[in-house]
1. Output the qualifying pairs, or none if there are none: Cβ atoms under 9 angstrom, residues six or more apart or on different chains, first residue in segment 284-307 and under 21 Å from L333 (Cα atoms) and among the aliphatic types (A, V, I, L, M), second residue in a loop (DSSP other than H, G, I, E, B) and open to solvent by less than 10 Å² (accessible area, probe 1.4 Å).
2. Checking the conditions here, which among Q450, Q456, Q483 is open to solvent by 10 Å² or more (accessible area, probe 1.4 Å) and either modelled with pLDDT under 80 or in contact with a Phe, Trp or Tyr (Cβ under 6 Å, 6 or more places away or on another chain) (or both)?
3. Tell me which residues, restricted to segment 272-297, are surrounded by 13 or more Cβ atoms within 10 Å (Cβ to Cβ), among the charged types (D, E, K, R) and out of contact with any His (no Cβ under 8 Å at 6 or more places or on another chain).
4. Restricting attention to strands (runs of 3 or more DSSP E) lying wholly within segment 488-589, give those where 3 or more residues are modelled with pLDDT of 90 or more.
5. Within segment 558-582, restricting attention to residues that are over 14 Å from I495 (Cα atoms) and crowded, with 18+ Cβ neighbours inside 10 Å, which residue is farthest from the chain's Cα centre (by Cα)?
6. I'd like to know if segment 603-612 contains one or more residues that are at pLDDT below 80, of a type outside the set (A, V, I, L, M, F, W, C) and assigned to a loop (DSSP other than H, G, I, E, B).
7. Select from segment 312-331 the residues that are closer than 22 Å to N255 by Cα and surrounded by fewer than 19 Cβ atoms within 10 Å (Cβ to Cβ) and list them in ascending order.
8. Out of all the residues in segment 503-523, which are closer than 15 Å to Q557 by Cα, open to solvent by less than 70 Å² (accessible area, probe 1.4 Å), touching a residue at least 40 places away in the same chain (Cβ under 8 Å) and within 33 Å of the chain's Cα centre (by Cα)?
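The values are calculated or read from the model by the stated rules, or taken from the named source; none is laboratory data. No experiment lies behind these values; they were computed from the predicted model shown. Cβ: placed from backbone, ideal geometry, glycine included. Neighbour counts: every protein chain shown. These accessible areas exclude ligands, DNA and RNA; they are computed on the full protein's heavy atoms, side chains included. Shrake-Rupley method; radii C 1.70, N 1.55, O 1.52, S 1.80 Å.
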Amino acid sequence: MAMKIMEKIRNVFHCEAERILYVCESQSLRNFIRKELLLGNCLTAGKMNISIDLDTNYAELVLNVGRVTLGENNRKKMKDRQLSKQQNENISRAVCALLNSGGGVIKAEVENEDYSYKKDGIGLDLENSFSDMLPFVPNFLDFMQNGNYFHIFVKSWSLETSSLQIATLSSNLYKRDVTSVKVMNASAALEFLKDKEKTGGRAYLRPKLPTTRVCVDVQEESNMEALAADFFNRTELNYKEKLTFTESTHVEIKNFSTTKLLQRIREILPQYVSAFANTDGGYLFVGLNEDKEIIGFKSENSCLTKLEEVTKNSIGKLPVHHFCMEKGTIDYLCKFLRVYDKGSLCGYVYALRVERSCCAVFAKKPDSWHVKDNRVEPLTEKEWIQFMVDSERVYKELPSPAGTSSPVSQSCPLREYINFKIQPRSYHLPGLSEKITCTPETLCRNLFSQHEGLEQLICEEMGSVTKGSLIFSRSWSLDLGLQENNKVLCDALLISQDKPPVLYTFHMVQDEEFKGYSTQTAQTLKQKLAKIGGYTEKVCVMTKIFYLSPEGKTSCQYDLNLQVIYPESYYRTTAQTVKDLEEALSNILPKENQIFLFVCLFILFFHCARPVCFFLR
């Protein structure tokens with residue numbers, strides 16, 4: 001009961017261990033909860049231990065996966081293999097969710113003592129999971145240990161770096177490869193789904209063979225399928241009788257012990273039904289040994305009824321995405337062939353025929369994740385297929401991780417590309433030593449005359465900038481489809497070759513709300529640069545908050561650069577990345593600005609830096 005209560009508190013309030021343990025007066029109970037609940041040692045199969053870290057300093061979507069054992073040797077020594085598997089699944093799902101939600105950071109508390117990333121690594125099983133998910137891991141993931149915490153920095157999924165439009169752990173669409181049942185990888189699933197979409201789910205008709213064919217010693221798949229069909233239609237079988245066919249694309253043979261028969265059939269049915277339905281149909285026979293002899297299994301009539309019910313329920317639960325108008329069910333027939341030994345009934349053979357489906361049959365829902373309504377959730381098969389095959393939607397319309405279920409693209413229409421080459425009439429502001437050229441004249445005079453100290457602050461902040469863009473807005477939050485904070489004087493976004501993008505927030509009211517405002521704005525900006533703007537490189541958005549007093553004095557109240565550390569690859573900026581960021585930025589701004597927008601270009605000349613400032617309405 002205590003565990004359920006604590007879990008409820010943690011899920012509702014997103015609390016860390018030290019923030020909720022105070023409710024337990026008993027030290028033994030506190031220790032028990034810390035060990036069994038908060039440290040993740042009581043994970044149950046299929047249950048995720050992923051929460052959104054709302055107290056992070058990063059202007060990122062941060063997913064907390066709890067305590068994890070790291071390092072190849074340490075993970076090999078784990079006695080609880082189920083826990084090891086669950087940790088792997090949690091981290092993989094968190095990575096997938098961030099890939100599909102604009103990127104972010106995974107936070108894990110290191111379980112094992114004396115762990116060192118540079119000496120121990122992360123663990124081969126985790127590395128393999130990342131490799132299976134990503135075309136090239138270093139392009140998307142960076143790893144960093146910070147004390148007792150381990151961070152995985154995840155770049156947003158990009159269509160430009162992959163032929164796929166969404167990240168997927170497993171399609172859970174199966175196919176027959178001759179005698180094998182294999183899950184389709186994401187690329188194979190895409191081709192399969194496009195073919196289904198192209199045919200509109202029309203039933204597959206096999207070509208009719210000529211009535212007369214040259215009689216030669218030719219053996220084909222169709223011969224084995226025909227023999228399997230004859231076998232399926234028989235009413236009586238003889239014990240130890242040899243089969244006249246073998247396993248093929250259309251035939252699968254199994255032999256399970258009677259005690260585990262029900263369990264094993266329940267386990268294999270989803271994969272085999274999906275594979276036969278998605279390929280060319282086929283037969284599953286249970287009760288035949290490796291020597292292709294009829295053995296059968298002993299069973300009472302009641303057990304046969306249970307087997308029939310298990311078959312019906314298992315197939316009925318399989319997710320099916322319909323491309324056809326009829327939206328029919330999976331076509332199958334289950335029967336039990338009687339096996340006789342010297343005239344006496346000695347057992348049964350389980351026989352299942354599955355017809356080829358005109359639609360897509362899953363063994364279970366596709367294993368692909370995103371962040372929706374502040375929760376990590378799986379995509380439904382319908383959502384997954386739409387994002388896979390619809391080239392217009394791509395993945396930018398995934399639900400926003402900011403806590404709203406409405407697609408990001410609906411809240412922020414695309415804006416036409418800003419022409420940065422326009423050279424309007426300009427003048428030099430007094431006091432700037434002609435280093436900044438501004439235009440139009442009236443906007444410049446109003447902005448700096450009304451807010452004393454702002455122009456000097458800008459000059460000081462831009463003093464080390466050699467080349468880049470500074471974009472002012474009355475509210476970047478409003479531009480990005482978020483709620484405006486009326487206490488904010490203005491925001492400015494710096495994009496330069498000297499540092500990662502910096503979002504400046506200027507205000508004239510002493511208020512602690514501005515950190516949350518700035519963080520949310522920066523996080524949304526980063527996500528939209530990737531999901532809508534089409535930016536494909538690694539990027540972080542730093543935040544800096546300044547207070548402007550009525551007397552014209554300025555003070556820095558918050559500098560994110562002093563609070564967090566990013567991997568080295570996030571600090572690399574070049575002329576090309578600046579250009580790409582500016583172009584991505586132009587794609588996420590509203591077509592019609594309700595506030596004035598200023599664009600400042602700082603141009604580096606041969607012997608001195610001469611920032612040139614353009615102001616656009």
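1. Pairs found: I294/G287.
2. Q450
3. Once the filter is applied, which keeps residues that are surrounded by 13 or more Cβ atoms within 10 Å (Cβ to Cβ), among the charged types (D, E, K, R) and out of contact with any His (no Cβ under 8 Å at 6 or more places or on another chain), segment 272-297 yields K292, E293.
4. 502-507, 542-548, 554-559
5. Checking each candidate, the answer is Y558.
6. The answer is yes; a qualifying residue exists.
7. Hits for segment 312-331 are K312, N313, S314.
8. L503, Y504, T505, F514, Y517, S518, T519
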